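Enquirer: For reference, the structure I am asking about is given below.
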Protein chains: 4
Amino acid sequence: MENNQWQTAITDIGPGKIRVRGYEITDMMDKLSFAQAVYLILRGELPDDKEARMMEAILVSSIDHGASPPSVLGTRTVMSGGNSLNAAVAGGVLVIGDSHGGAIEQSARIMQEWVKKDGSPQKLAEDLVADLRATKKRMPGFGHRLHETDPRTIKLFEIASQLDFSGRHTELAKAIEAELEKVGGRKLPINVDGAIAAVISDMGFDWRLGKGFFIISRVPGLIAHAYEEMTTEKPMRKLGNTNYKYSGPPERKI
Amino acid sequence: MENNQWQTAITDIGPGKIRVRGYEITDMMDKLSFAQAVYLILRGELPDDKEARMMEAILVSSIDHGASPPSVLGTRTVMSGGNSLNAAVAGGVLVIGDSHGGAIEQSARIMQEWVKKDGSPQKLAEDLVADLRATKKRMPGFGHRLHETDPRTIKLFEIASQLDFSGRHTELAKAIEAELEKVGGRKLPINVDGAIAAVISDMGFDWRLGKGFFIISRVPGLIAHAYEEMTTEKPMRKLGNTNYKYSGPPERKI
Amino acid sequence: MENNQWQTAITDIGPGKIRVRGYEITDMMDKLSFAQAVYLILRGELPDDKEARMMEAILVSSIDHGASPPSVLGTRTVMSGGNSLNAAVAGGVLVIGDSHGGAIEQSARIMQEWVKKDGSPQKLAEDLVADLRATKKRMPGFGHRLHETDPRTIKLFEIASQLDFSGRHTELAKAIEAELEKVGGRKLPINVDGAIAAVISDMGFDWRLGKGFFIISRVPGLIAHAYEEMTTEKPMRKLGNTNYKYSGPPERKI
Amino acid sequence: MENNQWQTAITDIGPGKIRVRGYEITDMMDKLSFAQAVYLILRGELPDDKEARMMEAILVSSIDHGASPPSVLGTRTVMSGGNSLNAAVAGGVLVIGDSHGGAIEQSARIMQEWVKKDGSPQKLAEDLVADLRATKKRMPGFGHRLHETDPRTIKLFEIASQLDFSGRHTELAKAIEAELEKVGGRKLPINVDGAIAAVISDMGFDWRLGKGFFIISRVPGLIAHAYEEMTTEKPMRKLGNTNYKYSGPPERKI
């Protein structure tokens, strides 16, 4: 007789029981921040204080980037067609492909492959960039259509350095940036995707989870856009991601 | 000439500038937890300490519920068809409709309507339950197919009470639970959807954002399931949400 | 012991056997057009010649409407983010909500409710329009942001009339159009959604299938747009549904 | 000044004007079957009689395969969560990835690459199979988990042969099937994906449209399943793709 039973190691449920990776959900609600719980469910183990702090910063970094990213256009377009909030969020998450957010995955994959090889970060960067040029490929996670220097990258690396997460992957990323400029003649700065890729790799995460960090971080932003569309715009309006203006509060300090 | 320019009050971007609701993203990365940043982007203002603590607990509460919810089946099915992580997450978020997670929205809408009326929570609950029975409708956010008493509800109300968020909506929710038992003859406990609905209403959130809290909370769970499916199962396998077994770590304490 | 077995009346499969509503798929491939097979799978029975001819015209009518509909923007945005063809089509289908294509469903629901009442189409239209005005609602399927008279409506009604499908629902639709103009002072022409709603109602289809006709018809158009985006545009480009130009073949005759 | 205007060669619209690839939609409604219109919009030109007949058979072939495919589970799961018809269809289309329907794309890509090389189909098949074995890859579009011989393949090749569409791609497909059996010791029959891949390649379609044929064909089946779920099942029920039974009409003839 056919037996299709399958297994899951994530959460154990039963009447009155919900245990994530072995921990009672009510204990988690008492003692963990959301970012700590995210770390636990993705990694299987609780983060220490440094890992928890790093998670918070990574998840805050990509929460929104205004109305220009295509995922926002996806979410607003679904909402504009007369749909529910979950459909609108799904429409935005769908857009987060190889060319948008997906660079974290590809960038982390390449870095995790190359750091296993012998040699200094500089030597590896030289070989990697030569390899990319020979095969006419671009290094994912470098360059940004808007920012000359991505402020999120600098802040992420600063926090990672304070927490001692700047390991061989981050060194390789910085060496690649320098090598790309040397060989290509112009700066292709590490963008936030590349920075997240380096830091999560130094934290020990599998590159195949890379896009997941971006999705978790960006979903609240997509919900804010869906809600704004729902409450301030007419259905079936003309939509685009260039012809908008910021109308919110001016600069302020926390 | 037609002018299609539109406005957004969420995030202001420019070269080297990313300001969410007026705050620099780098300041946010330094000083806010992810849950605080979520509060800011949804609400437009920073949370105080109590609001921040409440947000953490709400977002942790619904991070996962094992392999039985249909959103997990949606995510795993998309992954099993040979798709990318973002498509799998979108497939799960799509499932979060009126019958799954959507109860937060509907429950909060009803509570926010009824608390505006005159009368004690008990009186309102009597009228509301009579009204529902007359129109043969169910009260969303009450009853659970698995839990007789939902442990997440008890913990959420406990934390809300400690933080002084137990206002008129929570009182109404509890009065509805009592009235439903009195009139219907059996307990229909407030489930986690109903509890979140009551607490976010007491915090002042618009009911139309209700489903958003569930989506933000559950997306990391969906990513954990997508990753597990991707790394441990074969494509196109037979799938269902009853024939599985928990294979993770046994009970442990934080 | 729990028994979760469920039933489906659509297709019976087994080794070497695929029977849709009882008919062998190979027989269907030999003897049915695609539109006839669509009728069979939705309705459960084969169409006669007139029903088959009507199905072809309905499905052709909504195959595309250029680059302005939000569903096209949804599909192109997902493709532009670096995703697969199926994700891009899903992104477009997601947009087809209450405000876009969904009017077929709502319009057919209202018409199917009202034709059951006693009275001439004129009398019903008067009551229905008065009812809508009293509750400040719009009649779905009437009015178009671009076409003063929707050419697809005229052609659909012409073919339906030739095939004797112009029954009480179509008469009601035309009476509503006349009444809306009389009472409102300006023409709100039946659009293609309203016309499909009337015709499928006269053919005996349940209004809950209404949006399905639009989706089946439009999916090939979405695929053409996804393919054009994939083969002629760069990823992550700026996108909108107003700033485009038609660059295809000039007018020609079949 | 920045100019973001973009171009589309699919459909030209204006007040009272809808022209697909240059043809008036009303002319198309009068003179084309739906399958002919699908050919036109995908290919840019009208099909001749043989191409039209082939399109009908291809689109009929994959309209449904019962309740076991994961795309049906995706559609039913979204519907079961309490969502609209378009969200349910999107949920099913999302599942149609590399491992489900996506084989058409990959199979057509490989065949279109290899037929350009010199040599008889037999010689090419030998080299291709040797190549696949050396790189430990499988040939997409061959083998089926249920059918020993896929009846749709036989019928498609029979019709293609009658219409003179059995060209070099179909010959290569048959040679690959023979070679796989010779080298591997057991039959891996061309499945419907592989057969469609061969036939559309012989018709001159780009392999990147491959998955599109499957999606267009299967969407009506997904709608039938969504409608059945909506009208006969309770929300949030337990769901799976093994524990179901066919309850429709017995075998019958067209």
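The values are calculated or read from the model by the stated rules, or taken from the named source; none is laboratory data. Just so it is clear, the structure is predicted and the values come from calculations on it, not from any experiment. Neighbour counts are summed over all protein chains in view; Cβ atoms, including those assigned to glycine, are modelled from backbone coordinates with ideal geometry. Heavy atoms of the whole protein, side chains included, go into the accessibility calculation; ligands, DNA and RNA do not. Shrake-Rupley method; radii C 1.70, N 1.55, O 1.52, S 1.80 Å.
Enquirer: How high is the relative contact order of chain D? Use alpha-carbon pairs under 8 Å, at least six apart in sequence, and give a whole percent.
Expert: Numbers: 314 pairs, mean separation 66.4, N = 254.
Computed over chain D, the figure is 26 percent.
Enquirer: Determine the sum of side-chain charges near B:Lys187: Lys and Arg each +1, Asp and Glu each -1, restricted to other residues whose C-beta is under 9 angstrom from that of B:Lys187. Spell out each step's value before the answer.
Expert: On the way: positive: B:Arg186; negative: B:Glu148, B:Glu177, B:Glu181.
Value of the local net charge: -2.
Enquirer: Shielding by partners for C:38-44, please: the mean number of other protein chain Cβ atoms within 10 Å of each residue's Cβ.
Expert: Numbers: counts 10, 1, 5, 9, 5, 1, 3.
Going residue by residue through C:38-44 and averaging, the value is 5.
Enquirer: Also, I was wondering about something else. What is the average number of partner chain Cβ atoms found within 10 Å of a Cβ in B:154-162? Intermediate values should be presented prior to the final figure.
Expert: Values: counts 2, 7, 2, 0, 3, 3, 0, 0, 0.
Mean shielding count: 2.
Enquirer: Continuing with this model, one more query. Could you look at the protein assembly as shown and say what percent of its accessible area is carbon and sulfur, using a 1.4 Å probe and all protein chains? Please report the intermediate quantities before stating the final value.
Expert: On the way: 17180 of 36640 Å².
Result for the protein assembly as shown: 47 percent of the exposed heavy-atom area is carbon or sulfur.
Enquirer: Given label points at 7 Å from Cα along Cα→Cβ, what nm distances, shortest first, separate A:Glu158 from the same residue in every other copy?
Expert: Those separations, rounded to one decimal, come out as 4.0, 6.9, 7.3 nm.
Enquirer: Okay, next question. Where only protein heavy atoms count, and the probe is 1.4 Å, what is the accessible area per residue for the protein assembly as shown in Å²? Please report the intermediate quantities before stating the final value.
Expert: Details: 36640 Å² over 1016 residues.
Value for the protein assembly as shown: 36 Å² per residue.
Enquirer: With respect to the symmetry axis carrying chain D onto chain B, which residue of chain D exhibits the smallest Cβ distance to that axis, and what is the value in whole Å?
Expert: D:Gly240, 1
Enquirer: Separate question: Compute the relative contact order of the range C:120-181 as a whole-number percentage, counting only Cα pairs closer than 8 Å that sit 6 or more residues apart in sequence. List each step's numbers first, then the result.
Expert: Numbers: 26 pairs, mean separation 40.2, N = 62.
Answer for the range C:120-181 is 65 percent.
Enquirer: Any chance you could look up the accessible area of B:Asp202 with a 1.4 Å probe, heavy atoms only, rounded to 10 Å²?
Expert: 40
Enquirer: Considering only DSSP beta bridges where both residues belong to the protein assembly as shown, give the percentage that are antiparallel (nearest 5). Could you put the intermediate results ahead of the total?
Expert: Working: 30 of 50 bridges.
So the antiparallel bridges in the protein assembly as shown amount to around 60 percent.
Enquirer: D plus C alone minus the pair: what accessible area, both sides summed, probe 1.4 Å, in Å² to 100? Walk me through the numbers on the way to the answer.
Expert: Numbers: alone 15210 and 15210 Å², together 20560 Å².
Chains D and C together bury roughly 9900 Å² of accessible area.
Enquirer: Would you kindly work out, in nm and rounded to one decimal, the distances from the label point of A:Lys137 to those of the same position in each other copy, ordered shortest first, with label points 7 Å along Cα-to-Cβ?
Expert: For A:Lys137, the inter-copy label distances come out at 1.5, 5.6, 5.7 nm.
Enquirer: A follow-up question, please. What are the nm distances, shortest first, from A:Thr242 to its equivalents in the other copies, labels at 7 Å along Cα→Cβ?
Expert: 1.3, 5.3, 5.5
Enquirer: Any idea what diffusion coefficient the range C:125-243 gets from Stokes-Einstein, in µm²/s, Kirkwood Rh on alpha carbon pairs, 4 °C, 1.567 mPa s?
Expert: Details: Rh = 16.4 Å.
Once the numbers are plugged in, D ends up at 79 µm²/s.
Enquirer: Right, another one. In debye, nearest 20: dipole of the protein assembly as shown around its Cα centre with unit charges on the Cβ of K, R (+) and D, E (-)?
Expert: On the way: 132 positive and 132 negative charges, 0 e Å.
Value, rounded to 20: 0 debye.
Enquirer: With every protein chain left in place, what is the accessible area of D:Phe205 in Å² (1.4 Å probe, nearest 10)?
Expert: Surface open to solvent at D:Phe205 totals about 10 Å².
Enquirer: Dividing the convex hull volume of the Cα atoms of the range D:94-143 by its residue count, what figure in Å³ per residue is obtained? Show your work: numbers first, answer last.
Expert: Working: hull volume 4.0 nm³, N = 50.
Looking at the range D:94-143, the number lands at 80 Å³ per residue.
Enquirer: Under the definition of partner shielding as Cβ atoms of other protein chains within 10 Å of a residue Cβ, what is the mean value for peptide C:207-219?
Expert: Values: counts 0, 5, 7, 1, 6, 10, 2, 2, 10, 7, 4, 1, 10.
That average works out to 5.
Enquirer: Return the subset of B:Lys137/C:Lys187; A:Lys174/B:Lys50; B:Lys31/B:Lys245; D:Lys137/D:Lys245; C:Lys211/D:Lys245 for which the Cα-Cα distance in this structure is over 30 Å, preserving the input order.
Expert: Details: B:Lys137/C:Lys187 40 Å; A:Lys174/B:Lys50 40 Å; B:Lys31/B:Lys245 41 Å; D:Lys137/D:Lys245 35 Å; C:Lys211/D:Lys245 28 Å.
Correct reply: B:Lys137/C:Lys187; A:Lys174/B:Lys50; B:Lys31/B:Lys245; D:Lys137/D:Lys245.
Enquirer: Among D:Ala160, D:Val78, D:Ile58, whose Cα lies farthest out toward the positive end of the dipole of the range D:45-176, if unit charges sit on the beta carbon of Lys, Arg (+1) and Asp, Glu (-1)?
Expert: D:Val78
Enquirer: Here's another thing I want to ask about it. Per residue in the range A:88-128, which ones lose no less than 30 Å² of accessible surface when going from chain alone to all protein chains (1.4 Å probe)?
Expert: For the range A:88-128, once contacts with the other chains are taken into account, A:Ala90, A:Val93, A:Leu94, A:Val95, A:Ser99 lose 30 Å² or more.
Enquirer: Collect residues whose amide H, placed 1.01 Å from N in the peptide plane, falls under 5 Å from the amide H of A:Ile18; neighbours closer than 5 in sequence don't count.
Expert: When sequence neighbours closer than 5 places are left aside, the close amide H contacts are A:Ile25.
Enquirer: In the range B:20-88, which GluC sites (Glu not before Pro) fall in coil by DSSP and have 16 or fewer other Cβ atoms within 10 Å?
Expert: Of the GluC sites (Glu not before Pro), the ones in loops of the range B:20-88 whose Cβ has at most 16 other Cβ atoms within 10 Å are B:Glu45.
Enquirer: While we're looking at this one, here's another question. Can you tell me the order of B:149-162, A:228-241, A:86-99 when each peptide is scored by its average per-residue count of other Cβ atoms within 10 angstrom, highest first? Display every interim value, and only then the final one.
Expert: Details: B:149-162: 19.4, A:228-241: 17.0, A:86-99: 29.7.
Going by the mean number of other Cβ atoms within 10 Å, highest first, we get A:86-99, B:149-162, A:228-241.
Enquirer: Can I ask one more? Collect residues whose amide H, placed 1.01 Å from N in the peptide plane, falls under 5 Å from the amide H of A:Ile10; neighbours closer than 5 in sequence don't count.
Expert: The list, which skips near neighbours in sequence, is B:Ser247.
Enquirer: For chain D, rounded, prolate or oblate, judged on the Cα gyration tensor with a ≥ b ≥ c (square roots of eigenvalues), a/c < 1.5 rounded, else prolate if a/b > b/c? The partial results should precede the final answer.
Expert: Values: a/c = 1.68, a/b = 1.12, b/c = 1.49.
It is oblate, given that a/c is not under 1.5 and a/b is not larger than b/c.
Enquirer: Work the Kirkwood hydrodynamic radius out for the range B:78-174: mean of 1/r over every pair of different alpha-carbon atoms, inverted, in Å. All intermediate terms of the calculation are to be shown ahead of the outcome.
Expert: Numbers: mean 1/r = 0.0627 Å⁻¹.
One decimal place: 16.0 Å for the Kirkwood radius.
Enquirer: For the range A:46-94, state the average projected area of the convex hull of the C-alpha atoms over all orientations, rounded to one decimal in nm².
Expert: Numbers: hull surface 17.6 nm².
One quarter of the hull surface, i.e. the mean projection, equals 4.4 nm².
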